[in-house]
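The structure under discussion appears below in the form of structure tokens.
We did not get these values from a lab; they are worked out from the coordinates using the rules stated. Quick caveat: nothing in here was measured; it's all calculated off a predicted structure. So basically every Cβ, Gly included, is an ideal-geometry build from the backbone, and we count neighbours across all protein chains shown.
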Amino acid sequence: MSLNSDSRLPPPVPRSTASVHPGLIGILGVLVAFLLFKMLNEQGVFSEPVGSRVVTPRGDLADDEQTTVEIYRNIRDSVVFIETRGDAQLKFDLRVNVWREEVPEGVGSGIVWDDRGHVITNLHVIQFARAATVRLTDGSEWNARLVEIYPAHDLAVLRIDAPRGKLKPIPLGTSSDLQVGQTVFALGFPFGLNLTLTKGIISGQGGTIPLDHGAQIEDAIQTDAAINPGNSGGPLLDSAGRLIGINTAILSPSNASAGVGFAIPVDVLRRDVALLLETTPYRDRNLGIDFWPELVEWRNPRTGEVAYTGIEILHLIEEGLAQQGRLRGATRDAAGHYFRGDLIIACNGEPITDPQQFIAILEKLRSGDEITLRVVRQGVPGDFSARIP
């Protein structure tokens, strides 16, 4: 039959379900009912297929677990990822016999210090970098400017131009009251991975830990919380989620965590940053001094015992009474080594045991009042007297 033929094929006959034999429908119905019955348990609900397991309800997290989760959630936005870029170098690739341009890179961690964009990290994180980028937890990246460095304590201050709404300054704690055995948490970006939290205890305290390039950690905090390359510059927190130190070094033959990590105490950090940024929380214009409203210890360098406790002068206000009386604030030399300011241990014959009481005395001073301070300079006590103009 050719395609041009006038003949037509008979039209196909449509089929419908009505044409299926009634007996077959009945058999199928019985099978479906049997399968449904087998899948229902005694309570009348569908049971799990053969071979699967029922999920056991989890219940609430334990109290210590919940604390850890909350600390991570509350602090994560105060921790930043730092990536550095070095100068391009030409290196010969033996595999293909050509010279390749290579840009060394490094990673580290840092903390948001204030809402002005200051970021604190370790000096060794950015020391040999040509440029650095800071990434916040929202994924935004910002070019960082180097503000100041403090080689003696392996510290560096960076600044980014992020809006204040994106910056969450880390809450500060104290390190003078830490005890061996208390729980701590370390946050950072080990090996450049995502933000990581590890948990441990304070396993040791005190002493000075020497670092590379002449830097050192005074009154170092030792912890067994896992710290690895990339954690440097990240925070060490107490169980209240407050900053108590900056993770800085590990003692390990493999350059990876061996349970012996060290952190710069926050009390040292606050003092250093106040010098680097020339800021301080309390300024008394009557005497012309700046200081932190907290007690500082001076230890005998031979015995290590606490010899004096008082208020350390950080800065002198130009042409103030303290400057005229030749008191001294804290200073740094060209190499970045820190020299403590005079330590005020008594006011008007009364030992200083409470910084707020000392502040209350200063705030009550009026023109014509006299004040006498007992100060210690490099372990040697002396007196300073002045009349308020």
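Sequence-distant contacts, meaning Cα pairs under 8 Å at least 6 residues apart, place the relative contact order of the stretch 177-252 at 32 percent. With only Cα atoms counted, the stretch 150-214 has Rg and Dmax values of 15.6, 40 Å. With R₀ fixed at 30 Å, the C-beta to C-beta distance from D114 to A360 puts the FRET efficiency at about 0.65.
Calculated on the alpha-carbon coordinates, the convex hull of the stretch 323-389 measures out at 109 cubic angstrom per residue.
The HN-Hα couplings worked out from phi for the stretch 169-179 by the Karplus form 6.51 cos²θ - 1.76 cosθ + 1.60 (θ = phi - 60°) are x, 6, x, 9, x, 10, 10, 6, 10, 6, 10 Hz, whole numbers, x standing for Gly and Pro.
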